[in-house]
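The values are calculated or read from the model by the stated rules, or taken from the named source; none is laboratory data. Just so it is clear, the model here is predicted, and its values are computed rather than measured. With ideal geometry, Cβ positions are generated from the backbone for all residues, glycine too; neighbour counts draw on all protein chains shown. Protein only, heavy atoms only, side chains kept; ligands, DNA and RNA dropped before computing areas. Shrake-Rupley method; radii C 1.70, N 1.55, O 1.52, S 1.80 Å.
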Amino acid sequence: IDRIVFLAILADVCLGCGIRVHSFCLLTNHFHLLLEDPRGVLSLAMLRVQTAYARYFRDVYGTRGSGHVFGGRFRSRPITSGHDYRRVVRYILRNPLECRTPLASSAWTFLWSNAAQLVAAIAPGTWAADLVAGFGGVDALLASLPKPRTKQLEQLRRTRMECLLGGEWLAADSARQGLSGDEFASSLAERSESGEPDGEEMDPMVTSEVASAPRSLPEYSGVARTPVIDAFEQLTGEPAGRGSGVLAYVLWRFSRDGRRQMAKTIGMTADEFVRTVRSIARTRLTNPAANEALGRLEWRLTFALGGAPWRV
């Protein structure tokens, strides 16, 4: 049940942060995720996942305040090509077979990855419903948890289960990479020559590959300028002043609107707006204190807006 709760939390956070899971594997003492993060909020999402699960774990096992649930901060690296993507999918889904004592006879018989769903070529929601049904269904799972202290927690638990069952958090078609179930099973059955994905040699025949990793979500393009201004005022505690250079820079980084619209909002001409943004960008390169202050503001805006800066 712990792993189902983890998946439910993951599904809820992914839907809230605009993230899709292409492949996952939950092992006995760690997990692997292949995520699509168009908004650049991976750190925010993983903070929410690990914090929510730690609270659940400590409530259930009575270990609140006695140490870390997870061994440390998550590690991540970008997927650089379609070849890299295929290699990492295989690595993640084959992980239960690479343990000192294998956890399953094949990748798709391991319950706690999405290999079975990919091989069976079924919809994510169908796979999730079958998984939950194997443990008695949502009501039985929720009843097995400690009684919630508040109605809000009770509703939150059910909402997370609904997110899991919906299947929208899982990008199945992308991970299958156009293969049939049998073809995908065959690719997983082939043993990789090396362990960690970073150490695998690239096939010379595909070194010229230009295809990027599959995507299931539209490319992120910022938010409207009004939410950015509102968040800026809330975080700084001051009304957004006309002619504010910092606000101009923040709008440029986060808002999807055109420069003329953004400039007019804060009482600048388009040329003044561009000069101001460029000046602050140069200052960040030469003034460590200014760079740190702006970096902290951007991080807080990322939390508030659910998306990281998308313009440079």
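Observations, loosely collected:
- The label-point distance for SER81 and SER212, in a model that sets each label 7 Å from Cα toward Cβ, rounds to 1.6 nm.
- Each part gets one Cα centre, and for segment 278-312 versus segment 214-273 those centres are 12 Å apart.
- For LEU35, the residues 5 or more places off, or on other chains, whose built amide H falls under 5 Å of its own are HIS22.
- Shape call, segment 4-102: gyration tensor on alpha carbons, a/c limit 1.5: oblate
- Residues considered: VAL49, VAL277, VAL89. Largest GNM mean-square fluctuation over the chain, using C-alpha springs under 10 Å, is found at VAL277.
- The dipole here belongs to segment 1-127: it is taken about the Cα centre, uses +1 on the Cβ of Lys and Arg and -1 on the Cβ of Asp and Glu, and is about 280 debye.
- Projecting the Cα atoms of LEU34, VAL277, ILE122 onto the charge dipole of the chain, computed from C-beta unit charges around the Cα centre, puts VAL277 farthest toward the positive end.
- Multiplying the residue separation of THR51 and THR109 by 0.36 nm and subtracting their alpha-carbon distance yields 17.9 nm.
- Take each peptide in 13-24, 157-168, 284-295, 173-184, count the other Cβ atoms within 10 Å of every residue, and average; sorted highest first, the result is 13-24, 157-168, 173-184, 284-295.
- In order along segment 129-146, phi translates into HN-Hα couplings of 5, 5, 4, 5, 4, x, 10, x, x, 4, 4, 5, 5, 5, 5, 7, 7, x Hz, rounded to whole numbers, per the Karplus curve 6.51 cos²θ - 1.76 cosθ + 1.60 with θ = phi - 60° and x for Gly and Pro.
- Magnitude of the charge dipole, the chain, Cβ model with Lys/Arg +1 and Asp/Glu -1, debye to 20: 1300
- Distant-in-sequence amide contacts of ASN114, defined by a placed amide H-H separation under 5 Å and a gap of 5 or more residues or a different chain, comprise PHE24.
- Ordered by 1.4 Å accessible area with all protein chains kept, HIS68, HIS83 run largest first as HIS68, HIS83.
- Theoretical FRET efficiency, 1/(1+(r/R0)^6), r = Cβ-Cβ of ALA140 and ARG100, R0 30 Å, to 0.05: 0.30
- Springs join every pair of Cα atoms under 10 Å in this Gaussian network model of the chain, and among THR265, THR80, THR28 the largest mean-square fluctuation is at THR28.
- Beta bridges per DSSP, both residues in the chain: antiparallel share near 80 percent.
- Ranking SER221, SER244, SER212 from most to least accessible surface, computed with a 1.4 Å probe over the protein chains only, gives SER212, SER221, SER244.
- Quarter the surface of the alpha carbon convex hull of the chain and you get the mean projected area, 20.1 square nanometres.
- Per-residue 3J(HN,Hα) values for segment 165-180, derived from phi via the Karplus relation 6.51 cos²θ - 1.76 cosθ + 1.60 with θ = phi - 60°, read 5, x, x, 5, 6, 10, 9, 5, 4, 5, 5, 6, 6, x, 8, 6 Hz in sequence order (x marks Gly and Pro).
- For the chain, adding -39500 (n - 2.57) for each run of n ≥ 4 DSSP H residues and dividing by the number of residues yields -16500 deg cm²/dmol at 222 nm.
- Accessible surface ranking that places the most exposed of TRP169, TRP112 first, with a 1.4 angstrom probe: TRP112, TRP169
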